[in-house]
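The values are calculated or read from the model by the stated rules, or taken from the named source; none is laboratory data. Keep in mind that what you see is a predicted model, and the values were worked out from it rather than measured. Surface areas here come from the heavy atoms of the whole protein model, side chains and all, with no ligands, DNA or RNA. Shrake-Rupley method; radii C 1.70, N 1.55, O 1.52, S 1.80 Å.
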Amino acid sequence: MIKENKPVPPHNIILENRKSLTISGITDVDSFDEREIRLYTQLGELVIKGRELHIDSMSVETGDMTITGDIWSLTYGDKDRRGPVTMLGRLFR
């Protein structure tokens, strides 16, 4: 059996003036509210903290997300804690 190696999409973060955050390479969203967003990327867990956080756009197909609000911190966690899971499955469970 031939096993295909799918290319891993890149993981990038662009923070503009601590008000707008664009993230690529998201594999899963764990939880979100106006003070904290927990998600998973190819490089591990990422926790975004702030005030009045809002997810403006998200693409399940590409793993891209845009967040606005007062962004206070971006913290990476354990890389091996979670494998790839679909965002759609986690959002609607």
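Report, by residue number, each residue of the range 16-50 that is open to solvent by less than 80 Å² (accessible area, probe 1.4 Å) and of a type in the set (A, V, I, L, M, F, W, C). Even if it seems obvious, please write down each step before you answer.
To start, the set of residues in the range 16-50 that are open to solvent by less than 80 Å² (accessible area, probe 1.4 Å) comprises 20-31, 36-42, 44-48, 50.
Residues satisfying the conditions are L21, I23, I26, V29, I37, L39, L46, V47, I48.
Hey, which of the strands (runs of 3 or more DSSP E) in the range 9-66, taking only ones fully inside, have at least 1 residues that are at positive phi?
44-59
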